[in-house]
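The values are calculated or read from the model by the stated rules, or taken from the named source; none is laboratory data. Since we're looking at a predicted model, the values are computed, not measured. Positions of Cβ are generated from backbone atoms using ideal geometry, with glycine treated the same way; all protein chains shown enter the neighbour counts. Surface accessibility is based on the protein's heavy atoms, side chains included, excluding ligands, DNA and RNA. Shrake-Rupley method; radii C 1.70, N 1.55, O 1.52, S 1.80 Å.
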Amino acid sequence: MGESVLISWDDAETFFHEFGHALHSLSSNVKYPSLNGGVRDYTEFQSQLLERWLSTDKVINQFLKHHETDEVIPKELIVKIKKAATFNQGFTTTEYLASALMDMEYHMSDPSNLDPDVFEKETLAKLNMPKELVMRHRSPHFGHVFSGEGYATAYYGYMWADVLTSDAAEAFEQSPGGFYDQEMSAKLVKHLFAPRNTVDPEQAFRDFRGRDAKIDALMRDRGFPVPK
Ligand SMILES: [Zn+2]
(Lines give C-alpha, C1' and ligand atoms only; values in the text may rest on other atoms or scores of the structure.)
Protein backbone atom coordinates (compact mmCIF):
# COMPACT_ATOMS: atom_id res chain seq x y z
CA MET A 1 0.00 0.00 0.00
CA GLY A 2 1.22 3.47 -0.82
CA GLU A 3 4.17 2.16 -2.81
CA SER A 4 5.14 3.07 -6.35
CA VAL A 5 3.89 0.84 -9.11
CA LEU A 6 7.01 -0.28 -10.98
CA ILE A 7 7.00 -1.63 -14.49
CA SER A 8 9.53 -3.67 -16.41
CA TRP A 9 11.25 -2.60 -19.62
CA ASP A 10 8.97 -5.04 -21.46
CA ASP A 11 5.89 -3.43 -19.97
CA ALA A 12 7.18 0.03 -20.84
CA GLU A 13 7.66 -1.15 -24.41
CA THR A 14 4.10 -2.47 -24.41
CA PHE A 15 2.81 0.90 -23.17
CA PHE A 16 4.52 2.64 -26.07
CA HIS A 17 3.27 -0.05 -28.46
CA GLU A 18 -0.35 0.34 -27.41
CA PHE A 19 0.04 4.11 -27.40
CA GLY A 20 1.04 3.72 -31.06
CA HIS A 21 -2.29 2.01 -31.78
CA ALA A 22 -4.01 4.82 -29.91
CA LEU A 23 -2.22 7.57 -31.85
CA HIS A 24 -2.96 5.76 -35.10
CA SER A 25 -6.68 5.81 -34.24
CA LEU A 26 -6.76 9.32 -32.81
CA SER A 27 -4.99 10.77 -35.86
CA SER A 28 -7.60 9.43 -38.23
CA ASN A 29 -9.07 11.84 -40.76
CA VAL A 30 -11.07 9.11 -42.51
CA LYS A 31 -14.68 9.77 -43.43
CA TYR A 32 -16.01 6.27 -44.04
CA PRO A 33 -15.89 3.83 -41.11
CA SER A 34 -15.20 0.85 -43.38
CA LEU A 35 -11.89 2.46 -44.36
CA ASN A 36 -10.97 3.38 -40.83
CA GLY A 37 -9.46 0.03 -39.90
CA GLY A 38 -6.13 -1.70 -40.07
CA VAL A 39 -4.63 -3.82 -42.83
CA ARG A 40 -3.34 -7.27 -41.86
CA ASP A 41 0.38 -7.05 -42.54
CA TYR A 42 0.56 -3.31 -41.84
CA THR A 43 -1.47 -2.63 -38.74
CA GLU A 44 1.22 -3.51 -36.19
CA PHE A 45 3.72 -1.29 -37.91
CA GLN A 46 2.58 2.05 -36.48
CA SER A 47 2.54 0.67 -32.95
CA GLN A 48 5.89 -1.10 -33.29
CA LEU A 49 7.36 2.14 -34.55
CA LEU A 50 6.20 3.98 -31.45
CA GLU A 51 8.20 1.57 -29.27
CA ARG A 52 11.34 3.19 -30.65
CA TRP A 53 10.69 6.39 -28.71
CA LEU A 54 11.14 4.58 -25.40
CA SER A 55 14.92 4.50 -25.67
CA THR A 56 15.36 8.08 -26.87
CA ASP A 57 17.27 10.44 -24.56
CA LYS A 58 14.26 12.65 -24.07
CA VAL A 59 12.11 9.84 -22.67
CA ILE A 60 15.01 8.33 -20.71
CA ASN A 61 15.91 11.59 -18.98
CA GLN A 62 12.34 12.62 -18.30
CA PHE A 63 10.71 9.35 -17.33
CA LEU A 64 13.19 6.55 -16.69
CA LYS A 65 14.04 7.60 -13.16
CA HIS A 66 14.60 5.64 -10.00
CA HIS A 67 11.42 5.72 -7.94
CA GLU A 68 13.24 6.54 -4.67
CA THR A 69 16.33 8.52 -5.65
CA ASP A 70 14.91 10.18 -8.76
CA GLU A 71 18.15 9.26 -10.52
CA VAL A 72 18.00 8.73 -14.27
CA ILE A 73 18.67 5.15 -15.42
CA PRO A 74 22.46 4.71 -15.85
CA LYS A 75 23.78 4.97 -19.40
CA GLU A 76 25.55 1.59 -19.05
CA LEU A 77 22.20 -0.09 -18.52
CA ILE A 78 20.76 1.51 -21.63
CA VAL A 79 23.79 0.37 -23.61
CA LYS A 80 23.27 -3.16 -22.29
CA ILE A 81 19.59 -3.13 -23.18
CA LYS A 82 20.39 -1.97 -26.71
CA LYS A 83 23.14 -4.57 -27.08
CA ALA A 84 20.82 -7.32 -25.89
CA ALA A 85 18.44 -6.46 -28.75
CA THR A 86 20.44 -8.57 -31.17
CA PHE A 87 20.74 -11.54 -28.80
CA ASN A 88 19.57 -14.81 -30.37
CA GLN A 89 18.30 -13.10 -33.54
CA GLY A 90 19.75 -15.83 -35.75
CA PHE A 91 17.63 -18.42 -34.01
CA THR A 92 14.52 -16.26 -33.69
CA THR A 93 14.59 -15.14 -37.30
CA THR A 94 15.20 -18.61 -38.70
CA GLU A 95 12.55 -20.44 -36.67
CA TYR A 96 10.05 -17.71 -37.55
CA LEU A 97 10.91 -17.60 -41.26
CA ALA A 98 10.65 -21.38 -41.54
CA SER A 99 7.04 -21.14 -40.40
CA ALA A 100 6.28 -18.13 -42.58
CA LEU A 101 7.64 -19.82 -45.70
CA MET A 102 5.96 -23.12 -44.84
CA ASP A 103 2.65 -21.28 -44.55
CA MET A 104 3.01 -20.00 -48.11
CA GLU A 105 4.18 -23.37 -49.45
CA TYR A 106 1.16 -25.11 -47.94
CA HIS A 107 -1.26 -22.61 -49.37
CA MET A 108 0.25 -22.76 -52.84
CA SER A 109 0.15 -26.55 -53.00
CA ASP A 110 -2.58 -28.91 -54.09
CA PRO A 111 -3.92 -30.28 -50.79
CA SER A 112 -5.34 -33.53 -52.19
CA ASN A 113 -3.27 -36.49 -50.97
CA LEU A 114 -0.83 -34.15 -49.29
CA ASP A 115 0.91 -35.83 -46.37
CA PRO A 116 1.87 -33.00 -43.97
CA ASP A 117 4.65 -35.02 -42.38
CA VAL A 118 6.35 -35.69 -45.72
CA PHE A 119 5.56 -32.22 -47.08
CA GLU A 120 7.08 -30.53 -44.06
CA LYS A 121 10.30 -32.56 -44.29
CA GLU A 122 10.68 -31.99 -48.02
CA THR A 123 9.95 -28.29 -47.84
CA LEU A 124 12.40 -27.73 -44.99
CA ALA A 125 15.09 -29.59 -46.92
CA LYS A 126 14.37 -27.40 -49.94
CA LEU A 127 14.78 -24.30 -47.77
CA ASN A 128 18.12 -25.56 -46.39
CA MET A 129 16.70 -25.35 -42.89
CA PRO A 130 19.54 -26.02 -40.40
CA LYS A 131 18.70 -29.35 -38.81
CA GLU A 132 19.59 -27.96 -35.36
CA LEU A 133 16.50 -25.72 -35.44
CA VAL A 134 12.80 -26.47 -35.55
CA MET A 135 10.09 -24.29 -37.01
CA ARG A 136 8.38 -22.00 -34.52
CA HIS A 137 5.12 -23.76 -35.34
CA ARG A 138 5.26 -27.33 -36.59
CA SER A 139 2.43 -28.13 -39.03
CA PRO A 140 0.06 -29.81 -36.52
CA HIS A 141 0.06 -26.79 -34.24
CA PHE A 142 0.15 -23.96 -36.76
CA GLY A 143 -3.22 -22.63 -35.59
CA HIS A 144 -2.54 -19.16 -37.00
CA VAL A 145 -2.77 -20.21 -40.61
CA PHE A 146 -5.15 -23.16 -40.49
CA SER A 147 -7.83 -22.14 -37.97
CA GLY A 148 -9.22 -19.31 -40.12
CA GLU A 149 -8.59 -17.28 -43.23
CA GLY A 150 -7.15 -14.26 -41.43
CA TYR A 151 -3.56 -15.40 -41.25
CA ALA A 152 -3.52 -17.97 -44.07
CA THR A 153 -0.40 -17.10 -46.16
CA ALA A 154 -0.03 -14.04 -43.94
CA TYR A 155 2.16 -15.31 -41.13
CA TYR A 156 4.99 -13.35 -42.78
CA GLY A 157 3.11 -10.20 -41.76
CA TYR A 158 4.83 -9.90 -38.40
CA MET A 159 8.19 -9.61 -40.08
CA TRP A 160 6.90 -7.34 -42.82
CA ALA A 161 5.69 -4.98 -40.09
CA ASP A 162 9.22 -5.21 -38.65
CA VAL A 163 10.75 -4.29 -42.03
CA LEU A 164 8.58 -1.18 -42.20
CA THR A 165 9.28 -0.35 -38.56
CA SER A 166 13.06 -0.53 -38.90
CA ASP A 167 13.06 1.39 -42.16
CA ALA A 168 10.81 4.15 -40.80
CA ALA A 169 12.78 4.33 -37.53
CA GLU A 170 15.97 4.78 -39.52
CA ALA A 171 14.38 7.68 -41.39
CA PHE A 172 13.88 9.38 -38.03
CA GLU A 173 17.38 8.50 -36.83
CA GLN A 174 18.90 10.04 -39.95
CA SER A 175 16.85 13.22 -39.91
CA PRO A 176 18.29 16.43 -38.39
CA GLY A 177 16.04 16.34 -35.33
CA GLY A 178 16.22 12.59 -34.85
CA PHE A 179 13.11 11.08 -33.33
CA TYR A 180 11.86 14.56 -32.53
CA ASP A 181 12.26 16.00 -36.01
CA GLN A 182 9.19 18.11 -36.72
CA GLU A 183 9.16 17.58 -40.45
CA MET A 184 9.42 13.81 -40.11
CA SER A 185 6.79 13.78 -37.39
CA ALA A 186 4.41 15.73 -39.58
CA LYS A 187 4.99 13.23 -42.39
CA LEU A 188 4.37 10.38 -39.97
CA VAL A 189 0.97 11.76 -39.02
CA LYS A 190 0.05 12.75 -42.57
CA HIS A 191 1.05 9.58 -44.41
CA LEU A 192 1.23 6.78 -41.88
CA PHE A 193 -1.36 7.61 -39.23
CA ALA A 194 -4.16 9.81 -40.55
CA PRO A 195 -5.16 7.97 -43.76
CA ARG A 196 -5.69 4.62 -42.01
CA ASN A 197 -6.97 2.32 -44.78
CA THR A 198 -7.87 4.93 -47.41
CA VAL A 199 -4.43 4.82 -49.06
CA ASP A 200 -2.73 1.63 -50.19
CA PRO A 201 -0.12 0.97 -47.46
CA GLU A 202 2.56 0.52 -50.11
CA GLN A 203 1.85 4.01 -51.44
CA ALA A 204 1.49 5.50 -47.96
CA PHE A 205 4.92 4.21 -46.99
CA ARG A 206 6.41 5.49 -50.23
CA ASP A 207 4.91 8.93 -49.56
CA PHE A 208 6.47 8.90 -46.11
CA ARG A 209 9.88 7.48 -46.97
CA GLY A 210 10.33 8.81 -50.50
CA ARG A 211 10.97 5.27 -51.77
CA ASP A 212 9.78 1.68 -51.29
CA ALA A 213 10.54 -0.14 -48.05
CA LYS A 214 13.91 -1.89 -47.91
CA ILE A 215 15.04 -4.72 -45.65
CA ASP A 216 18.46 -3.17 -44.91
CA ALA A 217 17.48 -1.39 -41.71
CA LEU A 218 15.91 -4.55 -40.30
CA MET A 219 19.08 -6.49 -41.06
CA ARG A 220 21.11 -3.86 -39.20
CA ASP A 221 18.69 -3.87 -36.26
CA ARG A 222 18.99 -7.64 -35.93
CA GLY A 223 22.76 -7.61 -36.22
CA PHE A 224 22.91 -9.34 -39.63
CA PRO A 225 25.06 -8.40 -42.62
CA VAL A 226 23.13 -6.43 -45.24
CA PRO A 227 22.99 -8.31 -48.58
CA LYS A 228 24.46 -6.37 -51.49
ZN1 LIG B 1 -0.24 -4.19 -31.44
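Below, the figures for the structure above:
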| read-out | value |
| --- | --- |
| Test: residue in segment 166-182 that is closer than 22 Å to Leu26 by Cα and open to solvent by 40 Å² or more (accessible area, probe 1.4 Å) | yes |
| Residue in segment 69-77 that is surrounded by 13 or more Cβ atoms within 10 Å (Cβ to Cβ), away from the ligand (no atom under 16 Å from the Cβ) and under 20 Å from the mean Cα position of the chain (by Cα) present | no |
| Cβ pairs under 7 Å, 6+ apart, first in segment 146-158 and under 17 Å from Met135 (Cβ atoms), second at pLDDT 85 or above and of a type in the set (S, T, N, Q) | Tyr155/Ser99 |
| Top-ranked residue of segment 78-114 - restricted to ones that are among the charged types (D, E, K, R) and open to solvent by less than 70 Å² (accessible area, probe 1.4 Å), ranked as farthest from Phe146 (Cα to Cα) | Glu95 |
| Output for segment 190-221, where each listed residue is in contact (Cβ under 8 Å) with a residue 60 or more places away in the chain and buried (at least 17 other Cβ atoms within 10 Å of the Cβ) | Leu192, Phe193, Ala194, Pro195, Arg196, Asn197, Pro201, Asp221 |
| Those residues of segment 195-228 which are closer than 18 Å to Thr94 by Cβ and part of a loop (DSSP other than H, G, I, E, B), in sequence order | Ile215, Arg222, Gly223, Phe224, Pro225, Val226, Pro227 |
| Some residue of segment 27-49 being of a type in the set (A, V, I, L, M), in a loop (DSSP other than H, G, I, E, B) and either in contact with a helix residue (DSSP H, G or I) (Cβ under 6 Å, 6 or more places away or on another chain) or closer than 21 Å to Thr198 by Cα (or both) | yes |
| Those residues of segment 104-163 which are closer than 21 Å to Asp41 by Cβ, among the hydroxyl-bearing types (Ser, Thr, Tyr) and not in a loop (DSSP other than H, G, I, E, B), in sequence order | Tyr106, Tyr158 |
| Which listed residue is within 15 Å of the ligand (Cβ to nearest atom) and farther than 26 Å from Ala204 by Cβ, from Asp57, Asp10 | Asp10 |
| Residue match in segment 85-97 (condition: in contact with a Gly (Cβ under 9 Å, 6 or more places away or on another chain), assigned to a loop (DSSP other than H, G, I, E, B), more than 16 Å from the ligand (Cβ to nearest atom) and not aliphatic (A, V, I, L, M)) | yes |
